[in-house]
Structure formats: C-alpha cells, structure tokens
1. Note down all Cβ pairs under 7 Å where the first residue falls in region 34-59 and is closer than 20 Å to GLY84 by Cα, the second is part of a helix (DSSP H, G or I) and among the β-branched types (Val, Ile, Thr), and they're at least six residues apart or on different chains.
2. Consider ALA151 carefully, then state whether it is among the small types (Gly, Ala, Ser) and in contact with a helix residue (DSSP H, G or I) (Cβ under 9 Å, 6 or more places away or on another chain).
3. So ALA110 clears everything in (1) touching a Gly at 6+ places or on another chain (Cβ under 8 Å); (2) more than 20 Å from ALA47 (Cβ to Cβ); (3) of a type in the set (Gly, Ala, Ser) except one condition, right? Which one?
4. With respect to ILE109, is the statement that it is touching a strand residue (DSSP E or B) at 6+ places or on another chain (Cβ under 9 Å) and either more than 16 Å from THR32 (Cβ to Cβ) or at pLDDT below 95 (or both) true?
5. In the set LEU74, LEU67, which member is closer than 19 Å to ALA242 by Cβ, hydrophobic (A, V, I, L, M, F, W, C), at pLDDT 95 or above and under 21 Å from the mean Cα position of the chain (by Cα)?
6. Can you confirm whether region 23-30 contains a residue that is within 16 Å of the ligand (Cβ to nearest atom), at pLDDT below 95 and within 28 Å of ASP234 (Cα to Cα)?
7. Please identify the pairs in which a residue from region 101-120 that is over 18 Å from GLY172 (Cα atoms) and in contact (Cβ under 8 Å) with a residue 12 or more places away in the chain has its Cβ atom under 9 Å from the Cβ atom of a residue that is away from the ligand (no atom under 16 Å from the Cβ) and among the basic types (Lys, Arg), counting only partners at least 6 apart or on another chain.
Amino acid sequence: EVAPAGVEPAEPSIELPVWVEKVTTGRFSGKTIIITGAGSGIGRATASRVAREGGHVIAVDISEERLADFAASLPEGNIVTVSGDITDDAAVAAIVEAAGERIDGLANIAGIMDNMTPIHEVSDDVWNRVFNINVNGTMKLMRAVVPTMLAQAQGSIVNVASEAALRGSAAGAAYTASKHAVAGLTKSSAFMYGPSGIRVNAVAPGPVITNIEARFDSELGAGRVRRAMAILPDPVEGDALAASITFLLSDDGVNVNGVILPSDGGWSAA
Ligand code: NAD
C-alpha cells in the first residue's frame with residue numbers, strides 16, 4: 001500500500017454518501033437535455049438529477065428493460081425514454097426527433113469497457129466494439145445535436161471520458177485509447193464551437209460503483225485499493241459523478257469550456 005508520507009489514511013465508511021440526493025435546485029428548469037446510458041450507473045444518476053432539477057430529459061439506453069425500470073423509479077415523469085443503440089444512425093435520428101425543437105444539453109455517458117486486454121491480445125472485434133460505442137457513438141450524438149445548438153447559439157455538451165483519458169491505464173488498450181479519443185473530440189469541439197455559444201467539456205471519473213466497476217471494489221477491497229491510490233476514503237456511486245456532470249452541463253459551468261474535469265477523489269493528482 002502506498003499512502004502519502006506522514007498521513008494516516010481514514011478508514012472508508014461503510015455507508016455510501018447520500019448527500020447529493022438531497023440537493024435539489026432548478027438549474028434545468030425549461031431545458032431539454034439528452035442523456036445516454038440513462039439505464040444504469042452514472043447515466044441513470046445524472047438523468048435522475050437533471051429531472052429533479054426541472055429538466056425535460058430524453059433518457060437513452062440500449063436496454064429497454066433498464067430504461068423502464070428507471071422510469072418507474074421516478075416519482076413524477078418529466079422524462080421521455082428512447083431505447084436504441086447510439087452507434088445506429090436511425091436510433092440517433094429518433095433521439096434527436098424525440099427532443100423536439102430545442103436541445104439545451106447533451107450528456108454522452110453510455111460506454112463500455114473491454115476485459116482490460118493489452119494490445120498484443122486484443123481482437124479486432126473487441127477493439128472495434130469499444131471504439132464504435134465509446135468514440136463513434138459519442139461523435140454521432142454530437143454531430144446530430146450541434147446543428148440545433150448552432151441555430152440556438154447556445155448549448156452544453158458533456159462527454160464522459162475516464163481517468164484512462166488522462167494517462168496510461170490498466171483498463172485495457174482499446175478502452176484507454178477510446179477515452180483519449182473522447183478527450184480529443186471534446187477539446188476539438190470546444191475550440192470549434194465555443195465562439196458560437198456552445199460549450200463542450202468532459203468529466204474523467206475515477207472508480208465509481210456501477211455495473212462497470214463492481215468487480216474492482218468487491219474483489220480487491222474498497223479501502224485497500226483507495227488507500228493505495230491515495231484518494232478520498234469513501235467509495236462513490238453515480239450520484240457523485242452526476243454532481244460533476246451537471247455542474248458542466250448547467251449554467252453553473254458558464255465560463256468553463258474544453259476541460260477534461262477529473263472527478264476521481266484526487267487520483268489524477270497523485
Ligand atoms: P454502466 O454499465 O453502469 O452503464 C452504462 C449504460 O450504457 C448501460 O445502461 C448500457 O446499457 C448503456 N449502453 C451501453 N452501450 C450502449 C449503446 N451502444 N447505446 C446505448 N446505450 C448503451 O456503466 P457506468 O459505470 O455508469 O459508465 C458510464 C460511463 O462512465 C462510461 O462511458 C464509462 O466508460 C465511464 N466510466 C465509468 C467508470 C466507473 O468506475 N464506473 C470510471 C471511468 C469512466
């Protein structure tokens with residue numbers, strides 16, 4: 001274990017933090033926001049947060065079952081669900097059509113991880129699948145919403161990258177390269193569209209307890225791993241990432257454009 005010298009690390013609490021659930025403001029009142037990956041994990045928490053803050057949410061996921069479960073979990077609906085694959089042009093067109101005339105925000109959260117495969121073992125199938133969803137899917141949604149945002153001279157796009165977008169990572173060659181590509185798409189678009197009133201940013205999560213990350217903590221022990229990474233002691237769930245994503249997505253991020261914001265408990269500083 002590697003902890004900062006002279007500092008006694010805190011034990012992680014057993015209870016997961018719930019503070020973010022209690023925060024409700026009206027930052028998305030009157031706004032239409034498209035959120036992909038809304039059936040699970042970070043996407044679901046973000047869609048829930050945007051809806052609770054008054055937004056009209058277009059919730060997108062490839063899994064109809066997960067979307068139905070999510071919609072049923074909400075006390076009152078300001079959500080339209082669209083089940084579809086973000087790599088499919090017809091599905092992307094249906095998503096934009098469901099949004100209607102205005103699109104104030106897009107959160108590209110759907111993504112997959114491979115089996116942490118190094119480059120000499122990666123198959124074309126795995127490489128192409130990871131790139132198709134993480135990069136092409138993200139690009140296709142951006143390409144589809146930007147014309148509406150340009151016509152409005154206003155919009156905010158948040159892509160979910162990863163700690164693996166910032167440096168080499170154990171997360172696998174395809175995943176790491178795909179998330180670096182998401183960072184590139186984000187920076188290039190911020191540069192291109194900022195002068196037209198469209199902000200484009202990304203969030204780079206560290207470990208979050210979702211379907212993707214469940215193995216990590218359960219197999220290795222959350223406290224041990226987090227101390228070794230020299231990061232904040234408490235494991236986080238999707239709502240902590242939703243807080244970072246909605247900061248950039250909302251007008252709170254009014255002066256922030258082109259950043260890849262680590263939301264990782266300090267991992268990237270270590
Ligand atoms: P998750 O598996 O819990 O949720 C992802 C959702 O995306 C699922 O509901 C899935 O059905 C959907 N999805 C997958 N492919 C799709 C497609 N082609 N079209 C539409 N929907 C699709 O994962 P998560 O942990 O919430 O991850 C969300 C994002 O955060 C991903 O981009 C992931 O790479 C990134 N991320 C996660 C972690 C983590 O620790 N969980 C860390 C860094 C980055």
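The values are calculated or read from the model by the stated rules, or taken from the named source; none is laboratory data. Since the structure is predicted, the reported quantities are computational estimates derived from the model, not experimental observations. In this analysis, Cβ positions are derived from the backbone assuming ideal geometry, glycine residues included, and neighbour counts consider all displayed protein chains.
1. ILE34/ILE95; ILE34/VAL145; ILE35/THR46; ILE35/VAL50; THR46/ILE245; THR46/THR246; VAL57/VAL50; ILE58/ILE95
2. On the way: among the small types (Gly, Ala, Ser): yes; in contact with a helix residue (DSSP H, G or I) (Cβ under 9 Å, 6 or more places away or on another chain): no.
Here the answer is no, as ALA151 does not meet what is asked.
3. (2)
4. Numbers: touching a strand residue (DSSP E or B) at 6+ places or on another chain (Cβ under 9 Å): yes; either more than 16 Å from THR32 (Cβ to Cβ) or at pLDDT below 95 (or both): yes.
Yes: the conditions hold for ILE109.
5. Numbers: LEU74 fails: at pLDDT 95 or above.
The match here is LEU67.
6. no
7. Going by the 9 Å Cβ cut-off, the qualifying pairs are ARG102/LYS31; ASP104/LYS31; GLY105/LYS31.
Yes or no, residue by residue, for (1) within 23 Å of SER29 (Cβ to Cβ); (2) near the ligand (Cβ under 9 Å from one of its atoms):
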position	(1), (2)
HIS56	yes, no
ASP61	no, yes
ALA68	no, no
SER73	yes, no
VAL82	yes, no
ASP85	no, yes
ASP88	no, yes
VAL96	yes, no
ALA99	yes, no
